[in-house]
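The values are calculated or read from the model by the stated rules, or taken from the named source; none is laboratory data. Just so you know, these numbers come straight off a predicted model, no measurement behind them. Every residue, glycine as well, gets a Cβ built from its backbone with ideal geometry; the counts of neighbours run over all protein chains shown.
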């Protein structure tokens with residue numbers, strides 16, 4: 001099965017940048033001192049081939065995103081894992097993380113990484129309208145929808161994976 005992108009002509013145009021005209025860079029509050037992880041661990045060529053071989057296709061949110069999230073988390077925690085930032089031994093964490101589902105990983109990470117700033121967090125939906133700016137009076141609250149698409153009066157996307 002081969003995925004083919006067919007433009008609809010309704011794709012959004014995004015303008016992303018900074019006021020200084022230079023790209024944004026992550027601003028982590030500490031140096032990377034842990035060991036560099038061997039990648040890929042959970043989402044490599046074999047997993048991609050298995051997804052592409054499914055006779056009924058696959059769904060990005062259900063089938064792909066969990067693998068991407070697990071891969072990113074593994075890489076982050078491998079680099080983060082130092083005695084001053086984590087509790088326990090990397091080998092114990094690695095084994096439990098590899099076998100855990102998302103909910104189990106969240107519990108494992110909360111008990112292993114004491115500082116919430118060191119944890120990988122994932123928004124449940126990339127187009128969710130955040131309410132905090134509205135609560136602080138930074139944005140209007142009238143006509144606000146649950147997602148950016150509904151806020152703009154657009155329908156849900158027509159693709160499934």
ask   = Considering the stretch 107-124 alone, what residues qualify as being modelled with pLDDT under 90, surrounded by 12 or more Cβ atoms within 10 Å (Cβ to Cβ) and part of a helix (DSSP H, G or I)?
value = 118
inquiry  = Can you say whether residue 79 is in the same structural domain as residue 110 (by TED's automatic domain parsing), in a helix (DSSP H, G or I), surrounded by 12 or more Cβ atoms within 10 Å (Cβ to Cβ) and more than 16 Å from the chain's Cα centre (by Cα), as far as the supplied structure shows?
reply    = yes
note = The condition of being assigned to a helix (DSSP H, G or I) and farther than 22 Å from residue 108 by Cα holds, among 72, 51, only for 51
request  = Scan the stretch 82-103 for residues that are in a helix (DSSP H, G or I), in contact with a helix residue (DSSP H, G or I) (Cβ under 8 Å, 6 or more places away or on another chain) and over 18 Å from residue 36 (Cα atoms) and jot them down.
outcome  = 96, 102
ask   = What do you reckon, is residue 36 closer than 21 Å to residue 113 by Cβ, within 21 Å of the chain's Cα centre (by Cα), in the same structural domain as residue 118 (by TED's automatic domain parsing) and modelled with pLDDT under 85?
value = no
ask   = Of these, 63, 56, which one is part of a loop (DSSP other than H, G, I, E, B) and either more than 19 Å from residue 121 (Cα to Cα) or within 19 Å of the chain's Cα centre (by Cα) (or both)?
value = 56
